[in-house]
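Since the structure comes first, as structure tokens, the remarks are kept for the end.
The values are calculated or read from the model by the stated rules, or taken from the named source; none is laboratory data. It should be emphasised that the depicted structure is a prediction, and the values quoted were computed from it without experimental measurement. Because the Cβ atoms are built from the backbone with ideal geometry, glycine has one as well, and the counts that use them run over all protein chains shown.
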Amino acid sequence: MSTKEKIHKGSGNIFADIGVVHPERVMARAQVMSRITEIINERDLTQKAAAELLGIPQSKVSCLMNGKISMFSLDHLFELLNALDRDVEIVIHPKLKGERVATTYVLMTAAA
């Protein structure tokens, strides 16, 4: 017996697709958390060593690396990036022509 399943194309933001309030903001935090995790892994830091470097308890490093988004504000994540010797630049500009609404996104560049 065959069942027909409807497949819906995602928007590119899972948080919008599942109805999260302010999905762009949540996606931005998730992307920044992911980058912090990558930096910790690139440096081969243990969670304990990362905690010492970041000035947070090891349990918070675990939460960070396991994507517990609600535990971290963007402000705090920016501080963690600074502790990892990363500059954070915030750029504000008019929305692009043709866009219905303005958006929030994270653009990450390679190391200099």
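A few points about this structure:
- Applying a threshold of 7 Å to beta carbon distances and a minimum spacing of six or more residues, or different chains, the list of pairs starting in segment 84-106 at a residue that is among the aliphatic types (A, V, I, L, M) and ending at one that is not in a loop (DSSP other than H, G, I, E, B) reads L84/I36; L84/I39; V88/F78; V88/L81; V88/N82; V106/A28; V106/Q31; V106/V32.
- Within the set R100, R43, R86, the sole residue that is at pLDDT 90 or above and either under 25 Å from G10 (Cα atoms) or over 18 Å from the mean Cα position of the chain (by Cα) (or both) turns out to be R43.
- Every condition in (1) more than 16 Å from the chain's Cα centre (by Cα); (2) modelled with pLDDT of 95 or more holds for N66 except the one numbered (1).
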